[in-house]
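The values are calculated or read from the model by the stated rules, or taken from the named source; none is laboratory data. Note that the structure is predicted; figures quoted are calculated from it, not measured. Note that each Cβ is placed from the backbone with ideal geometry, even for glycine, and that neighbours are counted across all protein chains shown. Note: accessible area is taken over every heavy atom of the protein model, side chains too, but ligands, DNA and RNA are not part of it. Shrake-Rupley method; radii C 1.70, N 1.55, O 1.52, S 1.80 Å.
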Amino acid sequence: MLRTERPDLFGTMAAFWKEERGVSNLLVTLFLMPVLLFLVFAIVPVFVYSMKGAHVHTAASHALKEAEAVGYVSPDVASRLGERLAALGLGSVTVNGTGYPSYTGSTGSKVLRDDANPTVKLVVKYPAPNLSHMLRAIGGQGGNEAAEGFYYIVLYGRSEAYE
């Protein structure tokens, strides 16, 4: 007698449920991947923010060395600093009618090496990327232009000018 095998329904269902772990891993991956992608791409603006700040600080450090040599933040020192920032992609900008980079608060008159206080002060203010705009990507309230942040770098040095 010829015997035909029929599919075992219970065995098929058991095999399906045995593979349930793979399905749950797939579901977790599908829910978790968008969150991970958002976190990965959110790092980019933070990295850009920190790198621009580092570039402004490096350029300001070089300008401070020049200001120490002449005894104050001269127009030549300020223009060379502006050129360095422009070469880094941080050229002159205007925000709410104010031009940046701004050197307001820097030492404007010559300080000699032998003075009682031979300190030279360099202040650089430049608009920074507004990180609150990232909140718009997840439905939050991002910042507006009026709440734009600034890099504000204050460096002190000792004058090396004799006269």
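Structure above, values below:
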{"read-out": "Sole residue being in contact with a Phe, Trp or Tyr (Cβ under 7 Å, 6 or more places away or on another chain), open to solvent by 90 Å² or more (accessible area, probe 1.4 Å) and either at pLDDT 90 or above or not in a helix (DSSP H, G or I) (or both), chosen from 110, 65", "value": "110"}
{"read-out": "Long-range neighbours under 7 Å by Cβ, at least six apart or interchain, first residue closer than 22 Å to residue 82 by Cβ within the range 42-58, second among the β-branched types (Val, Ile, Thr)", "value": "56/124; 56/153; 57/153"}
{"read-out": "Residue 102 vs. criteria open to solvent by less than 60 Å² (accessible area, probe 1.4 Å) and farther than 16 Å from residue 153 by Cβ", "value": "no"}
{"read-out": "Scan of the range 113-134 for residues that are open to solvent by less than 40 Å² (accessible area, probe 1.4 Å), assigned to a helix (DSSP H, G or I) and of a type outside the set (Gly, Ala, Ser), ordered by number", "value": "none"}
